[in-house]
Structure formats: C-alpha cells, structure tokens
Amino acid sequence: MRRTKTNGIEIVCEDEGNGPAVVLLHGYPFNRTMWRDQIAVLKDRFRVIAPDLRGLGESVASDKVAGMDQMARDVATLMDQLEIDQAVIVGLSMGGYVAFDFHHLFPARVKALVLAGTRAPADNDQERQTRERQAARMLAQGMTGIAEETLPKLLAQETLARNPAAADRIREMIDSTSPHGAAAAQLGMAARRDYSEDLENINVPTLIMVGTEDSIRPVSDAEFMHRGIANSQLKIIENAAHVSNFDQPEIFNQALSDFLGQT
Ligand code: MLT
C-alpha cells in the first residue's frame, strides 16, 4: 500500500507486482479492496495499481463534488508519481466513467481499456435528481441502510444465496465509505459528460464486460459500447450482476487475463 500527495489530497493505492502496468478503477461506493481477487491473480505478470478514488476508501477529500474528470486527473498524476507512462486502464461502473474521461484527457497514456458494468450515456434529469436526493440523504444520515437497499442489485441472486462472504465484503466497503466522499462522488457522476461521442475515438484494444443479471448497467449498455468502439470485444458473464468480479471472479479473471495477454 502506498500513500502519495496527489492534486492536493492523499491518494492511497495498492502497487503490486512487476511488468506492464494495469490500473484498476473501482466502482461506487466502493474502494480499492474490491480488486483483491484480481490483484492476487495479475501481480505475477503485471504491475497492478489500484487507487482509492478521490473521497472514497482511504483517499480523504473535502470536495463537495468529485468530478469524474478530476478523478481521471488524479490517476494521471498518480501515474506520474509512480513513473508509469502508459497503462491498461480497467474501470468498473463509476471506474468506467473515470476510464472514459482518462482516455479523453490522456489518450496516449492508455495502452488498452477494460469497461465493466458501465455505460456511455450521461444521466437523464430523473437520474440526476435521484443522485441529488441520495447525496443529501447520505450527508444527513450517513451510509445507514444503503448496503441493504442496494445489495440485491449489486450481486446475483445465486451469490446472495450461496456466498455470504461476498455480500459481507460489499457491505463492509459501503459501510466504511465516508458519507461526504460518497455524496461528492454521486454529484460528480450526476455531472458527468455523455461519453457516447468518445466511442468512435477509442482506437486502443478494448474489452467490455457485463453480467447477465446487471439491472443497473444492463447488457444493452454494454452492447451499445461494443457497437461504438471499433474492434472491441464483449464478454457477457452468466450468473453475474453489477459487481461481476465478485459474482464470478474466476470467469472475470480469465477474461481479463486473456485480454491482457493480447495487449
Ligand atoms: C457504480 O457501481 O459505480 C455505480 O452504480 C455507478 C452509477 O451509479 O452510475
């Protein structure tokens, strides 16, 4: 684990292994520990960097709104500090939005992209209002109740029934998230750009992954990105919902390793 002063805050990240760099960007309201199983598998062949994004995990920040573009700039500054010019950028859900902004701002630094459980279009007005309400609720009441409300959408039915340890890890990540950081990330996601027009400009190898049971970012969102990004690969994971790397770690890891082996 490393702590670095990055753009006015302290960013905490994992930095493990040696080889070509792979940067893992977590979803919301999670932290770098969501990549534990991927780091374990990849660190033998790659240098794996997994930061806590601004305001989340141990990367404490006081912003009222944590923009996806700001998080992308944090990742670039972190890479400068770690002396990494170029990396494969892997983002799940919110991490995928950060990956889009990172590619837009620093295209030469992206060797390849992995977009899991994410989507290109921006929010509509109703989605933005829901995020604003949620941010206000978290600031007023903290994270109480969020894990139990969202778990049924985050993990597949089968995982919830048979793998209580996976549900516990998600619960722990959500419960330990700073309400202030989570609210700032929610408002940052509400304000994010529409990435649809970026798709045709993505010319690096790209893997898109999605769980068949993901109701938050369904298969149709993945197919839209797949159609828009030339030569992208699409991996649809059965019996997986939004956090597909928790539902099906072996399948997720195999698809990621195979893809990284081609880049
Ligand atoms: C995530 O898992 O990062 C969030 O569901 C993304 C979002 O709310 O759009």
statement: A careful count of residues in segment 214-230 that are within 14 Å of the ligand (Cβ to nearest atom), assigned to a loop (DSSP other than H, G, I, E, B) and crowded, with 20+ Cβ neighbours inside 10 Å gives 2
field: Search result, residues across segment 17-50 that are farther than 18 Å from Gly261 by Cα and in contact with a strand residue (DSSP E or B) (Cβ under 6 Å, 6 or more places away or on another chain)
entry: Leu25, Gly27, Arg32, Trp35, Ala50
statement: The condition of being in contact with a Phe, Trp or Tyr (Cβ under 8 Å, 6 or more places away or on another chain), away from the ligand (no atom under 16 Å from the Cβ) and either in contact (Cβ under 8 Å) with a residue 60 or more places away in the chain or over 23 Å from Ala112 (Cβ atoms) (or both) holds, among Val22, Val60, Val12, Val41, only for Val22
message: For the condition closer than 26 Å to Leu260 by Cα, surrounded by fewer than 18 Cβ atoms within 10 Å (Cβ to Cβ) and hydroxyl-bearing (Ser, Thr, Tyr), what is the one hit in Ser176, Ser196?
response: Ser196
Among the candidates Thr150, Thr118, residue that is within 13 Å of the ligand (Cβ to nearest atom), out of contact with any Pro (no Cβ under 8 Å at 6 or more places or on another chain), open to solvent by less than 10 Å² (accessible area, probe 1.4 Å) and of a type in the set (S, T, N, Q): Thr118
- line: By residue number, the members of segment 231-263 that are among the aliphatic types (A, V, I, L, M), more than 24 Å from Asp168 (Cα to Cα) and either touching a Lys or Arg at 6+ places or on another chain (Cβ under 8 Å) or open to solvent by 60 Å² or more (accessible area, probe 1.4 Å) (or both) are Ile236, Ala255, Leu260
query: What are the residues in segment 153-173 that are open to solvent by less than 20 Å² (accessible area, probe 1.4 Å) and touching a residue at least 60 places away in the same chain (Cβ under 8 Å), if any?
result: Leu154, Leu155, Ala156, Thr159, Ala166, Ile170, Met173
Total residues in segment 123-142, condition more than 12 Å from the ligand (Cβ to nearest atom) and either crowded, with 17+ Cβ neighbours inside 10 Å or not in a loop (DSSP other than H, G, I, E, B) (or both): 11
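The values are calculated or read from the model by the stated rules, or taken from the named source; none is laboratory data. These numbers come from a predicted model, not from an experiment. Please note: Cβ atoms are built from the backbone with ideal geometry, for glycine as well, and neighbour counts cover all protein chains shown. To get the accessible areas, we keep the full protein, side chains included, count just its heavy atoms, and leave off ligands, DNA and RNA. Shrake-Rupley method; radii C 1.70, N 1.55, O 1.52, S 1.80 Å.
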